[in-house]
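Each reported figure results from applying straightforward, stated rules to the coordinates on display, with no laboratory input. In this text the structure is predicted, and so the values were computed from the model without any measurement.
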Amino acid sequence: MKKPTRMVKKTKMFLLEKFDAGVKRGQKADPLEISQELKYAKDNSGHLLLKPEELRTAQQFSSFFSRLSALLRKKQMTDG
């Protein structure tokens, strides 16, 4: 059985950028597309952004976006 691990900071930052871009455009990011994009994403030096064991599933990305969306709605409701 695989031990559960936390999402690494690089992954969270990548997902936050995608979420923010989607909010600004008014178009949701597709977790499946992001999963594929992240699998081949490279840093400035040309190395893969994530190690294979750091990759997550589209379902995990969907859940992450859902939590961000709920936080955003809650913040909008309290701000007025």
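Data table
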| quantity | calculated |
| --- | --- |
| Label assignment, Cα extents along the principal axes in Å derived from the structure, set [x] 33, 24, 22; [y] 90, 17, 15; [z] 43, 33, 20 | [z] |
| Rounded to whole Hz, the Karplus (6.51, -1.76, 1.60) HN-Hα couplings of the stretch 49-60, x for glycine and proline | 5, 10, 6, x, 6, 8, 5, 10, 8, 4, 5, 5 |
| Under-5 Å amide H pairs with A41, H placed in peptide plane, nonlocal only | L49 |
| Helical mean residue ellipticity (222 nm; -39500 (n - 2.57) per DSSP H run of 4+; nearest 500) of the chain | -20500 deg cm²/dmol |
